[in-house]
Amino acid sequence: MKPARFAYASPATLPEALSLLAGHEDARIIAGGQSLVPMMNMRIAQPELLVDINRIEGLSGVRFDGDHLVIGTLTRHADLAANGLVREHAPILAHAASTIGHYAIRQRGTIGGSLSHADPAAQLPLIGMLLDAEIEVKSTGGERTIPAVEFFEALFTTTLEPGEMVVSIRVPVLPNGHGWGFNLFNRRSGDFAEVNAAALVLGQGAETSVRLALGAVVSAPVRVDDMLPPFNEANSAWAAEAAKVVAAETPVEPNARIPEDYRREILQALVESTLFDAMRRS
Amino acid sequence: MIVDASKKTPLTLVVNGQAHTVKVEPRRLLSDVLRDNCGQTGTHVGCEHGVCGACTVLLDGRPARSCLTYAVQMDGASIETIESKSAAGKLSALQQALHEKHGLQCGFCTPGIVMTMEAWLKDNPEPTEEGVREALSGNICRCTGYQNIVDAVLSAAKELKGDRA
């Protein structure tokens, strides 16, 4: 499995990278390469030009701007998982990053790469949706900020325009006392999820709100907060009842490998434990 | 500057501390260049799409699949392969433990396991069996059933801890 021929550039600055992207219709960015290179080796992807952004300074790392974490596009999953700011202000993001692929994969794979690749079963698109993250993109024509809910369109498809590149991700910090849950189901450790789910419990008492996001059920991660019955702390069966509703009502795309009723069973169990985890941690 | 797709471009790879200057097309995998151009055939090539872990090496100190990296990306980088482990004629702690615990049969997956798990043990000096199993899930072994590899990693961890104490 050897890739088709491609030309290669390793620009030292972001403007150079953006002008290479603008000047070549069939250029692809390579960051960690943990999804793109397998696709190229299998010749599912055959870009004419690879623009390698690994040598550009200032694209990785996490900073805190008061109410958001700003995460550089080239931040590797292992660094995201270990980062003190992320663990403090968005622990679900650190945890989810620690479950991506395998140990060696996490040393290379990047947050910008995962979001741009837009695998519907991937962890970071799901968590981006749950946390209302914003994706900051640049091109030679300027820059814009895309809310996660408008970013993921379909399988491997985002609303990035040709010539645009993800430069950073803004994640609103989570308030003290929030609860979170993240679970994925796969048959072998490190595989992409057959179903994954992430939940947040925010606020207290009558003000409590619950968010729920699901991955791998349709061609992009989805938020299904509206399907949840009104939150009732006093009802110990709330999570189980909510999971039943979500599993019955969520659209599930046909998959030749996994029968629909089986996927709905997994979904129900996974949603229940995810909501339960979020309530327990709040 | 764009490197043309069919042009062999000169690169310098620092492999186990020794500089190798090679001329390769951009599409050449690092795993192939290590083996064919640098003569370091200890790096084994299994699946060539990142699943099996046999080709794992250290890139600037961190484990990575050499089949998911193009050599052209690594110009000037420092790469460590399995050949670095016993360069002084002595097995590393994990190699010795794999030997003692019978943690290999055909040995094809072993270089990738040593490169991955020695790096992992630095991050996780007091591993649990569950943690070892999770970390090992990125390296496929079809001979052993893993039990003896898990024993070897746990044993190497104890040995390394003793060294530090």
**Message:** Sort B:53-61, B:91-99, B:2-10 by the packing proxy (mean of other Cβ within 10 Å over each peptide's residues), most packed first.
**Reply:** B:53-61, B:91-99, B:2-10
**Prompt:** Mind checking the mean number of beta-carbon atoms from other chains within 10 Å of the Cβ atoms in B:57-63?
**Reply:** 3
**Prompt:** What share of the DSSP beta bridges in the protein assembly as shown is antiparallel, in percent to the nearest 5?
**Reply:** 85 percent
**Prompt:** So for the pair residue A:189, residue A:258, with labels modelled 7 Å out along Cα→Cβ, what separation do we get in nm?
**Reply:** 2.0 nm
**Prompt:** To the nearest whole number, what is the average tally of beta carbon atoms from other chains within 10 Å of the beta carbons of peptide A:185-191?
**Reply:** 2
**Label-point separation, residue B:47 to residue A:280 (7 Å along Cα→Cβ), nm** = 3.1 nm
**Message:** For chain A, take the longest principal axis of its alpha carbons; what is the angle in degrees between that and the long axis of helix A:238-249, to the nearest 10 within 0 to 90?
**Reply:** 60 degrees
**Request:** From other protein chains only, count the Cβ atoms within 10 Å of every residue's Cβ in B:130-139, then give the mean.
**Result:** 3
**Asked** How much length is gained on full extension from residue A:85 to residue A:240, taking 0.36 nm per residue of separation minus their Cα-Cα distance?
**Response** 52.5 nm
**Item:** Helix-derived mean residue ellipticity, 222 nm - over the protein assembly as shown, DSSP H n ≥ 4, -39500 (n - 2.57), to 500
**Value:** -9000 deg cm²/dmol
**Message:** Above 43 Å lies some portion of the pair distances; for the protein assembly as shown, what is it as a whole percent of all C-alpha pairs?
**Reply:** 16 percent
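Quick note: the coordinates plus some simple rules give every number you see, no bench work behind them. Fair warning: this is a prediction, and the values are worked out from it, not measured in the lab. Note that each Cβ is placed from the backbone with ideal geometry, even for glycine, and that neighbours are counted across all protein chains shown.
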